[in-house]
Amino acid sequence: MTARSQTIEQERASLLSRFRRDPAGLVYSRVPGGEGRLVSEDEATALLVEFELMAGRHGRRFSHTVWAAVLGVPLFAILAATLNPLFSLLAIPALVGWFFVAVVQRLKRARFVAGIWAGLDRNPPVRALSRAEKLARGFALPWSQTALIFGVIIPLAFFIKIPASALPRPWGDWQMAAIALLFAVAIAMLVGRGIWLWRRRIAGRTSGGR
């Protein structure tokens, strides 16, 4: 249930990122910073409220299917062992029902989001942001960060996740060193951020005292 709520929150954040403020007014676009359509405050509010209501219904129904699996599978297993083996067939839909419900619900939400653009198609169009504007608003990454992600982080993550038994001996040793390096970097980043926050707090108290 927690993973499902996280999925809905990610979809909600993705939907919110498609709205932006421009001099012309509120704009909705298929992708953050892309070509969009003007949308009124009332329209945007109604769309977000409808998505929230749908997400709430989906969350409750998904929770019910999970409880049906938790309670139904052992129940049907007991009935199959004590009364009739045919009850074991009922345990199958109880066990996998949550998965099909999750897929159907996600498709419904995706269809709803796709329908937003179709509903706003007649609204006045708005040009896409330039790359500089996307960078300023956080809709795009600098080329240096993109190169770092695709050239270093992704290959390193893939290398770490490969089973050590599938690698030659020297590469296996390098894998252990890479994992240890990542732990060291993570700890250093946490310590560095803690020191930065501590210094910022001390500086705030000092300036406040003055």
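Kindly indicate which of 102, 24, 44 is farther than 20 Å from residue 122 by Cβ and open to solvent by less than 90 Å² (accessible area, probe 1.4 Å).
102
With (1) open to solvent by 60 Å² or more (accessible area, probe 1.4 Å); (2) under 24 Å from residue 51 (Cβ atoms); (3) without any contact (Cβ under 8 Å) to a residue 24 or more places away in the chain; (4) not polar (S, T, N, Q) as the list, and residue 121 as the residue in question, which single condition is left unmet?
(3)
Please work out which one of (1) within 22 Å of residue 116 (Cβ to Cβ); (2) without any contact (Cβ under 8 Å) to a residue 60 or more places away in the chain; (3) surrounded by fewer than 16 Cβ atoms within 10 Å (Cβ to Cβ) is the condition residue 55 fails and give its number.
Going through (1) within 22 Å of residue 116 (Cβ to Cβ); (2) without any contact (Cβ under 8 Å) to a residue 60 or more places away in the chain; (3) surrounded by fewer than 16 Cβ atoms within 10 Å (Cβ to Cβ) one by one, residue 55 breaks only (3).
The values are calculated or read from the model by the stated rules, or taken from the named source; none is laboratory data. Because the structure is predicted, anything quoted here is derived from the model rather than measured. Reconstructed Cβ throughout: ideal geometry from the backbone, glycine too, with neighbour counts over all protein chains shown. These accessible areas exclude ligands, DNA and RNA; they are computed on the full protein's heavy atoms, side chains included. Shrake-Rupley method; radii C 1.70, N 1.55, O 1.52, S 1.80 Å.
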